[in-house]
Amino acid sequence: ASAPAGCRPSKVATPTRGPAARRLAEELLPAVRELAARLQLARHGTDIDDRTDRSPASIRFRVRPWRSPMDEGSERVLPVLELVEAPDGADILARSWYDPSAPEPDLSLRLPFESTDRRVARILIDFVEHTLDV
């Protein structure tokens, strides 16, 4: 469709993604998905809430430990790990709640953009170890 005579079509501004949002979408989301696939091979359930297309960009990750038929007790509350773009758009915040109903996270770290992949991997592994009570 063309614009009426004398009117110019408006340009829609595309929001600029900061380096943290790009890193979440291009590097960290694939790493979380790879970890989830490995956990699923071990019969654990995983949930990934990919919000890398929103502002602020974020990824929320949960692990549901496998329970054998012999396990007793009710379902436990599932911890949450959130990787989110910092308000300045430059860094990433890693936050985890071991009780998701708590108002404040149990762990909150600011990861400078230059943070090594090892540090992010360690955060993911620590979260999984805590969730699985390893």
Task: Point-to-point label distance, residue 104-residue 51, nm (Cα→Cβ direction, 7 Å offset) - done: 2.1
- [ ] Could you tell me the convex hull volume per residue, in Å³, taken over the Cα atoms of the range 26-118?
- [x] 116
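Taken together, the values in this text are just the output of simple stated rules run on the coordinates, not laboratory data. It should be emphasised that the depicted structure is a prediction, and the values quoted were computed from it without experimental measurement. With ideal geometry, Cβ positions are generated from the backbone for all residues, glycine too; neighbour counts draw on all protein chains shown.
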